[in-house]
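J.: Here it is: the structure, laid out below.
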Amino acid sequence: MNYPDHLRYTKDHEWAELVSESKVRVGITEHAQSSLGDIVYLELPKMGRELKANETFGVVESIKAVSDLLSPVSGKVIEVNSDLTSNPGRINGNPHLEWMLVIEAANAKEQFGTLMDSGAYSKFVKSL
Amino acid sequence: MLKRTPLFEEHKKLGGKMVDFGGWELPVQYSGLTQEHEAVRNHCGIFDVSHMGEFRVQGPGALGFVNFATTNDASTLAVFQAQYSALCNSHGGIVDDLVVYRLGEQEFLLVVNAANIEKDFHHLSAALSHFEGPKPQLTNESEQFAQIAIQGPASSAVLQTLADMNLEEIKTYWCSVGKVCGESSLVARTGYTGEDGFEVYVTPEAAPKIWNALLTAGAHFGILPCGLGARDTLRLEMKFALYGHELTENTNPFETGLGWITKLKKNSEFIGKPAISKIKDAGPTRSLVGILSLGRGIPRQGYEVFDETRKTRVGFVTSGTQSPTLKKAIGIALIEKKCEKAGTRLWVKIREDLHEFEVCKTPFIDKKKEN
């Protein structure tokens, strides 16, 4: 699997995309969607919620499994993809494009830099 | 070390995603749970159920003993007929559910859940030592059987291309012996999906050949190999009980919908009968019901269930999933009997929040309407 170079990754299989100096978009990886199987339910936080890095921000469920979603960075939730909560199955089709939320933090770029790049994440997934 | 079935290598070749299922390394899915589920509802699918346990009870006293150990009435079975039944303990708790096949006047095959093989064999051995009358031979033959289930409306057409017996002559819950792919097999018209289908019992050595022949013969019928994931959603849509979920030693037959296989009037004493009679006379206090989500939350095993006031806990979820057929969240819950009526509002605590459900008629899908 090809993990896009412009994204950064967590050990819990979320990806982050830096959309500006202070904003990060978040979703789950190809590995996450393929381990879960057919995704049928997605629960996302309310706008404005303050999240800490590694804090649970939501839940994704496939037919068989329930999995917590953990925030890759600390910051405030400023956008929530409510279309995706109505059609969570789209995550299976395009995991690296189907974003879940946008988090704002003054030091977003700095936090983004501490996450695994695609090479490190690919290696990590292979080791599982 | 996880146990493997004789079909393990076939699962790997087919790209099965292997998981630990009660100590067995089995595929949870191959191509995708929803696809596999739909293949069984619309065409056919095959499942490796070789992990199931098989015990043989044979010799003088076999019928008497099976009737003493199980809740259903085995004396009503003709040779080659099968019945769904249960093993209970002396308190009326369910030790396991099983299928009893009568293979001869005094010969029975008991098919039990994989996770319960040792427990059941111990239970039956103890029962045999207490059994008065001629004692039949009880043997655990689980290692000598592989089992392949073929399920779905095209099952008969596919299996017939490989079987030397006339499958049309095997009625639901009957079986026959003969050859499949030239290999000695016991073919039963039974299953766990709500669809027409068969369970084929063969030797471990013959299993890969038959498995692959079924996939080839079924190719133009849209056959798919199916994993444990689809097996679970298919049985859940029918509200078939699963041991460890709906059925445990802390549940009795009358509160779990197994009253119909508990024959208190049969011409034989059986283990648990005094306790179960008392439960029946007093009236069961709980009921196993189907619940349907009125929102989007998926109920899962162990989640608490509250009544319409949202304050009083009335039971818990035993199984739940997103129904691939209905595209809605469904579940089975063991709740106080007063809430069992279809249409009753219930609330299920999913993580922090209460989600609205209603008790609904089951099976969740109406097989009759489709035909």
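The values are calculated or read from the model by the stated rules, or taken from the named source; none is laboratory data. In this text, all values refer to a predicted model and were calculated from it rather than measured experimentally. Quick reminder, even Gly has a Cβ in these numbers, built from the backbone with ideal geometry, and neighbours come from all protein chains shown. Ligands, DNA and RNA are excluded from the accessible area calculation, which covers all protein heavy atoms including side chains. Shrake-Rupley method; radii C 1.70, N 1.55, O 1.52, S 1.80 Å.
J.: Give a residue-ordered list of calculated ³J(HN,Hα) values for segment B:79-96 (Karplus: 6.51 cos²θ - 1.76 cosθ + 1.60, θ = phi - 60°; whole Hz; x for Gly, Pro).
T.: 4, 6, 9, 10, 8, 7, 8, 9, 9, 10, 8, 5, 8, x, x, 7, 7, 5
J.: If I ignore ligands, DNA and RNA and count only protein heavy atoms, how much of A:S86 is accessible to a 1.4 Å probe, in Å² to the nearest 10?
T.: Taking all protein chains as shown, A:S86 has close to 80 Å².
J.: Considering only protein heavy atoms, what per residue accessible area in square angstrom results for segment A:11-116 with a 1.4 angstrom probe?
T.: 43
J.: Follow-up question, since we're still on this one. List the residues of segment B:295-335 whose accessible area drops by at least 40 Å² when all protein chains are present, compared with their chain alone, using a 1.4 Å probe and counting only protein heavy atoms.
T.: In segment B:295-335, residues shielded by partner chains: B:R296, B:I298, B:R300, B:Q322.
J.: Which pairs break 27 Å Cα to Cα here: B:K280/B:K349; B:K179/B:K239; B:K239/B:K273; B:K3/B:K273?
T.: Among B:K280/B:K349; B:K179/B:K239; B:K239/B:K273; B:K3/B:K273, the Cα-Cα distance tops 27 Å for B:K280/B:K349; B:K179/B:K239; B:K3/B:K273.
J.: Could you grab the relative contact order for chain B? Cα pairs under 8 Å, six or more apart, rounded to a whole percent.
T.: 18
J.: Can I ask one more? If I model the protein assembly as shown as equal point scatterers sitting on the Cα atoms and use the Debye formula, what is log10 I(q)/I(0) at q = 0.06, 0.08 Å⁻¹?
T.: Log10 I(q)/I(0), no solvent term: -0.33, -0.57.
J.: Another one. Distance between the C-alpha centers of segment B:308-356 and segment B:177-228? Whole Å please.
T.: First find each Cα centre; the distance between them is then 36 Å.
J.: Can you tally the lysine pairs in chain A where the Cα-Cα distance is under 30 Å and the two residues are eight or more apart, or on different chains?
T.: Pairs that pass both the separation and distance tests number 27.
J.: Now, a different point. Compare the Cα positions of B:F198, A:T56, B:I365 along the charge dipole of the protein assembly as shown (+1 at Cβ of Lys, Arg; -1 at Cβ of Asp, Glu; about the Cα centre) and return the one farthest towards the positive end.
T.: Checking the options against the dipole of the protein assembly as shown, the answer is B:I365.
J.: Rounded to the nearest 10 Å², what accessible area does B:W24 show when all protein chains are kept and the probe is 1.4 Å?
T.: Accessible surface of B:W24 is approximately 30 Å².
J.: Projecting each Cα onto the charge dipole of chain B (Lys/Arg +1, Asp/Glu -1 at the beta carbon, about the Cα centre), which of B:S185, B:F108, B:P225 comes out farthest on the positive side?
T.: Highest projection toward the positive end goes to B:P225.
J.: Quote the total accessible area buried by chains B and A together, excluding ligands, DNA and RNA, probe 1.4 Å, nearest 100 Å².
T.: Buried area (both sides, nearest 100 Å²): 1300 Å².
J.: Divide the volume of the convex hull of the Cα atoms of chain B by its number of residues and quote the answer in cubic angstrom per residue.
T.: 139
J.: Do you know the relative contact order of segment A:1-50, to the nearest whole percent, from alpha carbon pairs under 8 angstrom that are 6+ apart?
T.: Relative contact order for segment A:1-50 comes out at 23 percent.
J.: Let me ask another. Give, as a single signed number, the net charge of other residues whose beta carbon lies under 15 Å from the beta carbon of B:I271, with Lys and Arg counted +1 and Asp and Glu -1.
T.: With Lys, Arg at +1 and Asp, Glu at -1, the neighbours total -2.
J.: Can you show me the helix-derived [θ] at 222 nm for chain A, built from DSSP H runs with n ≥ 4 at -39,500 (n - 2.57) apiece and divided by the number of residues, rounded to the nearest 500.
T.: -5500 deg cm²/dmol
J.: Considering only DSSP beta bridges with both partners in the protein assembly as shown, what is the antiparallel share in %, to the nearest 5?
T.: 95
J.: Further question on the same structure: Indicate the residues belonging to segment B:1-36 that lose 30 Å² or more of solvent-accessible heavy-atom surface (probe 1.4 Å) upon moving from the chain alone to the assembly of all protein chains, ignoring ligands and nucleic acids.
T.: B:K17, B:L33, B:T34
J.: Then there is this: Taking the Cα centre of segment B:157-233 as origin and charging only Cβ (+1 Lys, Arg; -1 Asp, Glu), how large is the dipole, in debye to the nearest 20?
T.: In debye, rounded to 20, segment B:157-233 gives about 60.
J.: Follow-up question, since we're still on this one. Give me the percent of accessible area attributable to carbon and sulfur for the protein assembly as shown, probe 1.4 angstrom. Walk me through the intermediate numbers first.
T.: Numbers: 10910 of 21450 Å².
Summing carbon and sulfur atoms, their accessible area is 51 percent of the total for the protein assembly as shown.
J.: Let me ask something else about it. Mind checking the dipole of chain B: about its Cα centre, +1 per Lys or Arg Cβ, -1 per Asp or Glu Cβ, Debye to the nearest 20?
T.: Magnitude of the dipole: close to 1080 debye.
J.: Under unit Cβ charges (Lys, Arg +1; Asp, Glu -1), what dipole magnitude, rounded to 20 debye, does the protein assembly as shown have relative to its Cα centre?
T.: The dipole magnitude comes to about 920 debye.
J.: Which value does Rg/Rh take for segment A:11-116 over its C-alpha atoms, Rh per Kirkwood? Please list the in-between numbers first.
T.: Details: Rg = 12.7 Å, Rh = 13.5 Å.
Checking Rg against Rh, the ratio lands at 0.94.
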